[in-house]
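One structure is given below, encoded as structure tokens.
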Amino acid sequence: MSLEIITVSGASSGSGKTMIAERLLKTLKGWSALKVTVVHSGACPTGRDCGACEGLNSEYMIVSDKNKLDKKGKDTMRLKKAGARKVLWLKARPEGLKRGLKDAVSRFSAYGGKGTRGLVIEGTSILKHIKPALAIFVKRKNSALKPSAKEALSRADLVLTLPLRKDDFIKKKTSFSSL
């Protein structure tokens, strides 16, 4: 079984990636989700205590612990509540992203025989290493692009500028295998 993949990338933290991933998961029944965070050395670029850097002692780490994924307010919890069949969180250093992404996606592929119909991946640096059926890029009007976002934007199939109006996101069944 080939796993269909949709990626949701964005201009920066807070651009609306998770909101768009939630909307996709509400529409695409039986799909799973992967949250990808690239951890850099030094000070956190977001300036927040998000927990992404905690416990990362190798090139990458795949978080499957429900106690970490199901924390109130976390993106992973939002993806699960939106209807994701299974949710994982890949935390990777830039040098481990390719291997970590391959490992994480293979866990969903193995899960595919148990009902996963496709995978929504939320992350911006991932498009260097994966060719999805659909690559969505999310930005706010006049938003500045972080460096990884410039490459993601150049590879996007669809660019959404937020805020969206209610009618901007069409809810209809779409087959991504024909893309």
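The numbers here are math on the coordinates, done by the rules we state, and not lab data. Computed from a predicted model, the values in this text were never measured in an experiment. Note that each Cβ is placed from the backbone with ideal geometry, even for glycine, and that neighbours are counted across all protein chains shown.
Close amide H partners of residue 117, meaning residues 5 or more places away or on another chain with modelled amide H under 5 Å apart, are 31, 32. 3J(HN,Hα) couplings calculated from phi for the stretch 143-158 with the Karplus curve 6.51 cos²θ - 1.76 cosθ + 1.60 (θ = phi - 60°) are, in sequence order, 6, 7, 9, 5, x, 5, 5, 4, 5, 4, 4, 5, 9, 6, 8, 9 Hz; Gly and Pro show x. The simple spin-label model puts a point 7 Å past each Cα toward its Cβ; for residue 99 and residue 56 those points are separated by 1.5 nm. For the set 26/139; 68/141; 29/146; 86/141, the pairs lying more than 28 angstrom apart at their alpha carbons are 68/141; 29/146; 86/141. Legend: calculated FRET efficiency, residue 154 to residue 72, from the Cβ-Cβ distance at R0 = 25 Å, rounded to 0.05, equals 0.10. Couplings 3J(HN,Hα) for the stretch 117-133, derived from phi with the Karplus relation 6.51 cos²θ - 1.76 cosθ + 1.60 (θ = phi - 60°), are 8, x, 9, 9, 10, 9, x, 9, 7, 6, 5, 5, 10, 9, 10, x, 5 Hz, where x marks Gly and Pro.
The amide H of residue 159, built 1.01 Å from its N in the peptide plane, has 137 as neighbours under 5 Å, considering only residues 5 or more places off or on other chains.
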